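Report on one structure; see the data block that follows.
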Amino acid sequence: MNERQAGIAVIVPVYNTEPYLNQCIKSICDQTFQTLHIIIVDDGSTDQSGVLCDEWAKRDSRIDVIHKENGGPTSAVQAGMALVREDYCAFVDSDDWVSPSLLGKLMNVLETYKVDGVRTGYTV
């Protein structure tokens, strides 16, 4: 019997982060761990962020985009959570980016130690 590989949903709440968004999404798409479902939630952006989100979804089949009226970061995360079907969920702010091995390392910790969650630090 083949075991299926656990996946990670990555929720990215977006609000007017056009200058940073491409770097953010690219850093998620380029992960060494590839079993990802990337959920980008455009929270009523008034810049071109929503357009960029749609362009990324056309390029990568792992990406789903939700466009919603502005409700703040918590509202955006909740909208994204409605699409999560994976075993684990990660959150990346749309003005940040992640190292290529981050999600693979997190998955390794989760599965090695059988923990419910992992929290990371950050570099400024």
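The values are calculated or read from the model by the stated rules, or taken from the named source; none is laboratory data. Source: prediction; values computed, not measured. Quick reminder, even Gly has a Cβ in these numbers, built from the backbone with ideal geometry, and neighbours come from all protein chains shown. Heavy atoms of the whole protein, side chains included, go into the accessibility calculation; ligands, DNA and RNA do not. Shrake-Rupley method; radii C 1.70, N 1.55, O 1.52, S 1.80 Å.
The residues of the chain have, on average, 62 Å² of accessible surface per residue, using a 1.4 Å probe with all protein chains present. The fraction of accessible area contributed by carbon and sulfur in region 1-117 is 50 percent, rounded to a whole number (1.4 Å probe; ligands and nucleic acids excluded).
Here the chain is scanned for trypsin sites (Lys or Arg not before Pro) in DSSP loops (not H, G, I, E, B) that have at most 11 other Cβ atoms within 10 Å, and the longest stretch holding none of them is 5-84. In a DSSP loop and with at most 10 other Cβ atoms within 10 Å, the chymotrypsin sites (Phe, Trp or Tyr not before Pro) in region 16-124 are Tyr122. Estimated from helical segments only, the mean residue ellipticity of the chain at 222 nm is -10500 deg cm²/dmol, where each DSSP H run of four or more residues counts as -39500 (n - 2.57). Sites listed here are GluC sites (Glu not before Pro) in region 17-124 whose DSSP assignment is loop and whose Cβ has at most 16 other Cβ atoms within 10 Å: Glu69, Glu86. Expressed as a fraction of 2.2 N^0.38 Å, the value expected for a compact globular protein of N residues, the C-alpha radius of gyration of region 2-124 is 1.03.
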